[in-house]
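I have placed the structure first, in the form of structure tokens, so that the comments after it can refer back to it.
The values are calculated or read from the model by the stated rules, or taken from the named source; none is laboratory data. Model, not experiment: these values are computed from the prediction. Cβ placement follows ideal geometry from the backbone for every residue including glycine, while neighbour counts extend to all protein chains displayed. Quick note on the areas: whole protein, heavy atoms, side chains included, nothing else; ligands and nucleic acids left out. Shrake-Rupley method; radii C 1.70, N 1.55, O 1.52, S 1.80 Å.
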Amino acid sequence: MSESVKSNVQPEVLDVTSSPDEAVNAATIELNEQNSIEEEAQSVQTETVDNHEVVGDDSRPATRQEIIERLKVIAGGDDVLNCKSEVEGLKVQFYRMRTAELELAHKEFLAQGGESDMFMPKPDELEEPFKEVMGLIKAKRNEWLATQEKEMQANYEKKMLLLEQLQALVDKAAQGNPEVNEFKALQQTWKEVKSVPQDKVSDLWKQYQLLVEKFYDVLKLNSEFREYDFKKNLEIKTRLCDAAEALEKEKDVVVAFRQLQQLHNEFRETGPVAPELREEIWNRFKTASTNVNRRHQEFFEAKKQKEQENLDKKTAICEEIENFDFKSFAGYQAWNDATQRVLDLQAQWKEIGYAPQKMNLKVFERFRAACDEFFKQKSEFFKEAKNVLATNLERKKSLCELAEQLKDSEDWKATADKLAKLQKEWKEVGPVAQKYSEALWKRFVSACDAFFERRNAATSSQRSIEQENLKKKRDVIERIKAIDASLPGEEQTKQLALLAQEWNAIGFVPFKEKDNVYKEYKQATNALYEALHVNANERKLANFRNNIAKGGNSLQREREHLIRQYEAMKNEIATYENNIGFLSVSNKKGASLVDVMKQKVDKLKKDAQVVLEKIHLVEDEIEKNAK
């Protein structure tokens with residue numbers, strides 16, 4: 001087995017109730033057998049999907065297929081157990097290569113114009129053969145463990161037979177026929193028989209030690225031989241104590257624990273020392289062993305606690321992702337924020353170490369399932385959103401085509417109304433993909449602008465006439481103000497009537513000046529009438545009667561004036577209604593402005609109806625004069 005393997009198996013407490021040498025030897029056997037068990041248990045640990053430490057090796061396979069081929073060679077060989085570090089390294093390298101392939105495919109997908117969220121990696125064709133060969137290796141390790149159990153049972157039966165033989169030697173020695181050579185050979189055979197079942201170790205060794213002690217006592221060897229044997233054993237055990245005490249300074253507690261097991265094996269295989277030194281040498285070795293074992297125990301307790309903390313952290317991450325309310329992610333930003341959170345949690349996961357072995361794979365599978373579900377829901381959302389964007393794209397293309405069909409029209413009023421409706425419909429259509437948005441908007445606006453620029457160019461001469469009319473109306477206002485107040489009232493009224501006729505004969509003025517100039521006109525006429533003590537109703541009636549009473553061309557001019565006034569009101573109403581169509585009522589300010597404009601439209605419609613009735617009266621008067 002590789003010395004780098006970390007054991008999770010804890011040693012049993014040493015039995016110190018027997019005699020010093022018996023306790024040493026019994027404890028040594030236990031630790032030796034325990035070491036064998038924990039090494040083999042470590043060798044068949046369930047493979048996990050977390051990070052592994054891998055020692056650099058320039059001779060590694062260059063491709064994942066070569067990794068699989070190398071693993072097949074290992075699986076087919078007889079040295080599977082000693083290749084654990086290499087197998088772990090190949091496994092990490094296999095998944096790292098897969099990660100690199102995914103990253104490269106992702107970059108190529110982006111380079112070809114794909115969107116990161118829509119990237120879907122191809123299935124890994126090598127993962128199944130990789131898992132199969134890893135399963136073969138694992139099965140071979142399990143087969144080795146089963147073989148070890150059979151061997152330990154066979155060794156137990158051999159040692160029971162050796163105990164029977166040793167008992168026979170003790171009986172012969174008691175009868176005066178000591179067989180020293182056979183005893184030494186039996187001891188050597190005992191040493192060569194290795195591992196036995198753990199539950200048999202202590203009792204088996206106690207029986208063996210008891211018979212060995214009886215044999216030595218029965219032999220009654222001369223003191224020189226016994227002292228020499230005790231001295232040699234003392235030198236060996238003193239060296240073992242020194243080595244055990246030196247292990248207390250070893251930084252790697254697992255390495256120290258393994259080396260201690262070897263020292264215990266050697267300690268138990270060494271014969272007894274002088275009776276008066278047995279307890280002393282045993283206590284020294286036991287104290288050093290206790291210190292090493294305590295550090296080993298503390299190391300694994302801390303590791304166990306850390307692994308539990310890691311499990312709690314990983315469980316919390318799983319719960320957070322599982323508790324996502326997908327229905328609340330109503331837009332792109334919400335999904336992007338949630339995606340960033342998942343990526344952050346995945347980064348946190350990678351920073352967290354191992355969980356307990358029995359839970360490590362389970363919690364990872366839970367985490368992977370939660371992430372898979374999140375990205376599945378996200379994919380469905382973006383798929384639906386893509387369909388909506390495609391529908392919006394077609395609708396906006398259609399609006400562009402309609403606007404382009406209208407841009408060359410010379411029916412200024414009707415076309416302007418149609419374009420206004422198209423602009424309103426454009427606002428109601430939802431968004432399109434960003435790569436099309438700007439180009440479509442420019443296309444639509446260009447068509448609208450082309451029409452309105454042509455309309456403005458066609459109506460520019462009309463604006464020049466309106467400016468000239470404004471000057472004429474201001475001249476009329478000045479002449480009204482200049483009427484001589486010393487003239488008789490009838491003469492002043494007559495001059496005012498003539499100026500009113502002249503005012504009415506003047507055509508349109510710029511729309512933005514219309515109200516101001518009319519206000520100035522009314523102020524001037526009202527001032528004159530007030531000076532003549534005429535009330536407002538009489539003034540209006542007098543003005544209208546004066547226009548009608550003239551007959552002939554005067555009536556015709558009045559009619560034309562009223563018609564122009566009526567048309568102007570209709571245009572003004574259309575303009576207001578068109579502007580209302582462009583205003584947004586998504587906020588309080590916009591809604592208030594719409595209400596004001598609607599009120600103006602209602603007033604204009606009422607005034608237009610009055611003007612229309614006046615037109616009818618003038619037309620009746622014209623017909624009367626014609627008769």
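See the values below:
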{"quantity": "Meets criteria (in a helix (DSSP H, G or I), hydroxyl-bearing (S, T, Y), loosely packed, with under 14 Cβ neighbours inside 10 Å and modelled with pLDDT of 85 or more) for T147", "calculated": "no"}
{"quantity": "Residue satisfying all of: in region 164-188; within 24 Å of R268 (Cβ to Cβ) and among the polar types (S, T, N, Q); most open to solvent (accessible area, probe 1.4 Å) among these", "calculated": "N181"}
{"quantity": "Top-ranked residue of region 481-498 - restricted to ones that are among the hydrophobic types (A, V, I, L, M, F, W, C) and farther than 13 Å from Y529 by Cβ, ranked as farthest from the chain's Cα centre (by Cα)", "calculated": "L487"}
{"quantity": "Residues that are under 30 Å from V180 (Cβ atoms) and β-branched (V, I, T), drawn from region 137-167", "calculated": "none"}
{"quantity": "Residue satisfying condition, being at pLDDT below 85 and buried (at least 19 other Cβ atoms within 10 Å of the Cβ), within set A75, A111", "calculated": "A75"}
{"quantity": "Residue within region 445-462 that is open to solvent by 60 Å² or more (accessible area, probe 1.4 Å) and at pLDDT 85 or above present", "calculated": "yes"}
{"quantity": "Filter pass, Y529 being at pLDDT 85 or above and part of a helix (DSSP H, G or I)", "calculated": "no"}
{"quantity": "Region 338-366, residues that are among the β-branched types (V, I, T) and not in a helix (DSSP H, G or I)", "calculated": "I352"}
{"quantity": "Check on E502, acidic (D, E), within 26 Å of D411 (Cβ to Cβ) and surrounded by 15 or more Cβ atoms within 10 Å (Cβ to Cβ)", "calculated": "no"}
{"quantity": "Long-range neighbours under 8 Å by Cβ, at least six apart or interchain, first residue on the phi > 0 side of the Ramachandran plot and polar (S, T, N, Q) within region 253-272, second part of a helix (DSSP H, G or I) and open to solvent by 30 Å² or more (accessible area, probe 1.4 Å)", "calculated": "none"}
{"quantity": "Search result, residues across region 395-451 that are of a type in the set (G, A, S), touching a residue at least 40 places away in the same chain (Cβ under 8 Å) and out of contact with any helix residue (DSSP H, G or I) (no Cβ under 6 Å at 6 or more places or on another chain)", "calculated": "A416, A450"}
{"quantity": "Test: residue in region 85-106 that is modelled with pLDDT under 80, among the β-branched types (V, I, T) and in contact with a helix residue (DSSP H, G or I) (Cβ under 8 Å, 6 or more places away or on another chain)", "calculated": "no"}
{"quantity": "Members of region 328-337 that are in contact (Cβ under 8 Å) with a residue 40 or more places away in the chain, assigned to a helix (DSSP H, G or I) and open to solvent by less than 70 Å² (accessible area, probe 1.4 Å)", "calculated": "W335"}
{"quantity": "Single unsatisfied condition, E478 versus (1) modelled with pLDDT of 85 or more; (2) surrounded by 12 or more Cβ atoms within 10 Å (Cβ to Cβ)", "calculated": "(2)"}
{"quantity": "Residue that is nearest to the chain's Cα centre (by Cα) [pool: residues in region 506-515 that are open to solvent by 50 Å² or more (accessible area, probe 1.4 Å) and within 24 Å of I615 (Cα to Cα)]", "calculated": "F511"}
{"quantity": "Unique residue being free of Cβ contacts under 8 Å to residues at least 12 places away in the same chain, part of a helix (DSSP H, G or I) and open to solvent by less than 70 Å² (accessible area, probe 1.4 Å) when the list is A316, A288", "calculated": "A316"}
{"quantity": "Selection count, region 102-119, where residues are touching a residue at least 12 places away in the same chain (Cβ under 8 Å) and under 29 Å from L71 (Cβ atoms)", "calculated": "3"}
{"quantity": "Positions within region 304-313 being open to solvent by 60 Å² or more (accessible area, probe 1.4 Å) and either within 17 Å of D344 (Cα to Cα) or more than 21 Å from the chain's Cα centre (by Cα) (or both), in sequence order", "calculated": "K304, Q305, K306, Q308, E309, K313"}
{"quantity": "Scan of region 263-285 for residues that are of a type outside the set (A, V, I, L, M, F, W, C), under 60 Å from the mean Cα position of the chain (by Cα) and open to solvent by less than 20 Å² (accessible area, probe 1.4 Å), ordered by number", "calculated": "H264"}
{"quantity": "Subset tally (residues that are of a type outside the set (S, T, N, Q) and open to solvent by less than 50 Å² (accessible area, probe 1.4 Å)) for region 524-534", "calculated": "5"}
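Yes/no matrix, rows are residues, columns are (1) modelled with pLDDT of 75 or more; (2) under 60 Å from the mean Cα position of the chain (by Cα); (3) open to solvent by 80 Å² or more (accessible area, probe 1.4 Å); (4) over 25 Å from I483 (Cβ atoms):
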site: K522; (1), (2), (3), (4): yes, no, no, no
site: A549; (1), (2), (3), (4): no, no, yes, no
site: A574; (1), (2), (3), (4): yes, yes, no, yes
site: L583; (1), (2), (3), (4): no, yes, no, yes
site: G590; (1), (2), (3), (4): no, yes, no, yes
site: V594; (1), (2), (3), (4): no, yes, no, yes
site: V601; (1), (2), (3), (4): yes, yes, no, yes
site: D607; (1), (2), (3), (4): yes, no, no, yes
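The rows are residues; the columns are (1) of a type in the set (S, T, Y); (2) closer than 23 Å to M160 by Cβ; (3) open to solvent by 40 Å² or more (accessible area, probe 1.4 Å).
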| residue | (1), (2), (3) |
| --- | --- |
| E192 | no, yes, yes |
| P197 | no, yes, no |
| F215 | no, yes, no |
| V218 | no, yes, yes |
| K232 | no, no, yes |
| D242 | no, no, yes |
| V254 | no, no, no |
| Q261 | no, no, no |
